[in-house]
1. Taking the condition surrounded by fewer than 17 Cβ atoms within 10 Å (Cβ to Cβ) and of a type in the set (D, E, K, R), does E165 pass?
2. Need pairs with beta-carbon distance below 7 Å; first residue closer than 15 Å to V20 by Cα and within region 38-65, second among the β-branched types (V, I, T) and surrounded by fewer than 12 Cβ atoms within 10 Å (Cβ to Cβ); sequence gap 6+ or separate chains.
3. Test V88 against the stated conditions and say whether it is crowded, with 24+ Cβ neighbours inside 10 Å and either of a type in the set (K, R) or outside any loop (DSSP other than H, G, I, E, B) (or both).
4. Any residue at all in region 96-107 that's among the aliphatic types (A, V, I, L, M), outside any loop (DSSP other than H, G, I, E, B) and either without any contact (Cβ under 8 Å) to a residue 24 or more places away in the chain or surrounded by fewer than 18 Cβ atoms within 10 Å (Cβ to Cβ) (or both)?
5. Hey, can you tell me all the residues within region 37-76 that are in contact with an Asp or Glu (Cβ under 9 Å, 6 or more places away or on another chain) and charged (D, E, K, R)?
6. Restricting attention to region 184-223, and to residues there that are of a type in the set (K, R) and buried (at least 18 other Cβ atoms within 10 Å of the Cβ), which single residue is farthest from the chain's Cα centre (by Cα)?
7. Any idea which residue in region 246-294 is nearest to the chain's Cα centre (by Cα), counting only those that are basic (K, R) and farther than 18 Å from F205 by Cα?
8. Hey, does region 130-146 have a residue that's in the same structural domain as L309 (by TED's automatic domain parsing), surrounded by fewer than 23 Cβ atoms within 10 Å (Cβ to Cβ) and modelled with pLDDT of 95 or more?
Amino acid sequence: MKEKISILGAGSWGTTLAVVLSGKKELDITLWSAFKKHALSIQKYRENKDFLPSVKIPSSVKITADLEAALENKIIVLAIPVEFLRRVLRKVKKYPLKNKVFVSVSKGIEIKGLKRPSQIIKEELGNVSFAVLSGPTIARELARAVPTTAVICSKNQKTAAYLQEIFSLPVFRVYRNNDIAGVELGGALKNIIALACGISDGLGFGTNTKSALVCRGLKEMVRFAGVFGAKERTFFGISGLGDLATTCFSDLSRNHFVGAEIGRGKKLKEIIARMKMVAEGVTTVKSVYTLSRELNIYMPITEETYFVLYKNKSPLHAVKDLMQREKKPE
C-alpha cells in the first residue's frame, strides 16, 4: 500500500516537496492550492510558473483546489505561510481528521496571536498527531536535487521515526528531534537575522559585518527561545545554526533579498508589492519585537531591524546604534 500524502500550499516549498517526494514509488502525492486558477495552471503546464518556474512537476503528482479531496490522505503537510495558517485550518477542521498526521513546514510567528505553527495547530485542530519539519532548505536547490538536510520534530518518537522514513531521500537527509519550541523558533528567528544580513549587504558592507550579525544573532535567538523552554543545543544543529547560515548567505533567500533591497534604499511596501512569494521575516520581526518588549528580552538586532522596516529608521543609523552600545563581555 502506498502512503498517501497531501501538501496544502502550492508555494515554492510545498511544490518542491511534492516534486522530490514523488520520486519515491511508495508514496502517492497530492498538491493543494487555495486558488482554483493556480491549480489549473499547474495542471496544464505541469509547472508552478508563479513560485517554482522551470521545475517540471511529475504527472504522478495530483493537483487540486478541492480541500475535501486533499484531506482524504493520511499525511497532511502544512506548507502555508504562518499569517494564513489559522484561516486554512479553520476550513480543515470542518472535515473528519481521525488518524491524520499533520506536518508543519511553516516558519514564523503570527502577528495577531503571537503563536508558533504548532500552537496554532493545537488551538484550531485540538490534540491531533503532528510534527514539524524544518532546516536549511532553499526550495530551488532541493528541487535541483542538491544534497539537503532537515529535522523532523515530534514529541512522539514513533511519529518522528515514521515521518523520518517517509521524508528521507538520497538527496534529503532527515534527522529527528523532540524540541518543538526550539526547532520552530530556530526557523522563525533566523529570518530576522537574514533581513539584517541583507541590509548589511545592501549597504555594501563585507563578510566581517555579516559574520558579526550571524554570531550575535544566534546569541539573540538562543536568549529569546530560552524564555519559551527551547533547548540551547537545538540552536547549534540543523534547524538552528544550519538554517541561519543558509538564509543569511544565500542569494536565493527571500528574507535576505528584502533586507538587501532595504539597504539599497528601497521602501518595504515597494519591495513586498513586487514579490509573489512571502518573506516570513517581515511579519516575524514585528511579532518577535512585540514579544521581546512584553517579556523584557534583550534583542538589539531584532529591535534595530524592526525600526528600519517599520519606523523608517536609517539603516546606517541602526548600524551606528548597534556598534555604539554599552561595552560588555562576550
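1. Numbers: surrounded by fewer than 17 Cβ atoms within 10 Å (Cβ to Cβ): yes; of a type in the set (D, E, K, R): yes.
For E165, the condition - surrounded by fewer than 17 Cβ atoms within 10 Å (Cβ to Cβ) and of a type in the set (D, E, K, R) - is met.
2. Hits for this filter: zero, empty list.
3. Answer is no for this residue.
4. No, that holds for no residue.
5. Residues satisfying the conditions are K56, K62, K74.
6. K210
7. Looking at the filtered set, the residue picked out is R254.
8. Scanning region 130-146, I find no residue that is in the same structural domain as L309 (by TED's automatic domain parsing), surrounded by fewer than 23 Cβ atoms within 10 Å (Cβ to Cβ) and modelled with pLDDT of 95 or more, so the answer is no.
The values are calculated or read from the model by the stated rules, or taken from the named source; none is laboratory data. All values derive from a computational prediction rather than experimental measurement. Positions of Cβ are generated from backbone atoms using ideal geometry, with glycine treated the same way; all protein chains shown enter the neighbour counts.
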